[in-house]
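The values are calculated or read from the model by the stated rules, or taken from the named source; none is laboratory data. The shown structure was predicted, so the numbers you read here are calculated from the model rather than taken from an experiment. No Cβ is skipped: glycine too gets one built from the backbone with ideal geometry, and neighbour counts run over all protein chains shown.
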């Protein structure tokens, strides 16, 4: 963090202390509503505990403001994570923010495709590892809630069961 950023951060903290947590949270919620058209539900709920909202927004803004990435890409990445986590509100919020930062429709759609690809790969990678791990062991021995295989067999000719 450069000296200027440190000074700005310390000034922000001093203002919070001088103004109080409740007034600061109210002010920040109004700014969010003005900039985004509405206040996301998570911020509304956090606003019920101003210290939680303030610490969350300070963390969020500190990460964004000290990032070497262009703000548009920060929002596109945030949108991709929201999509991969299946959070429609996160996806929508960050998509709007990315568009305001100059992201095109094509960029937004491409990021959604990429997040879907990675999300799908994650599902497959995790599931295949579980299968590999469990199939190496005595799988039925570990699953106690499932009854053991009975001696009921299907006839190959008629499809009827025989004992």
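See the values below:
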| item | result |
| --- | --- |
| Some residue of the range 26-35 being closer than 23 Å to residue 101 by Cβ, assigned to a helix (DSSP H, G or I) and either touching a residue at least 40 places away in the same chain (Cβ under 8 Å) or touching a strand residue (DSSP E or B) at 6+ places or on another chain (Cβ under 8 Å) (or both) | no |
| Positions within the range 86-113 being exposed (fewer than 12 other Cβ atoms within 10 Å of the Cβ), within 22 Å of residue 43 (Cα to Cα) and free of Cβ contacts under 8 Å to residues at least 40 places away in the same chain, in sequence order | 86, 88 |
| Test for residue 72: is it out of contact with any strand residue (DSSP E or B) (no Cβ under 9 Å at 6 or more places or on another chain), at pLDDT below 90 and in a helix (DSSP H, G or I) | no |
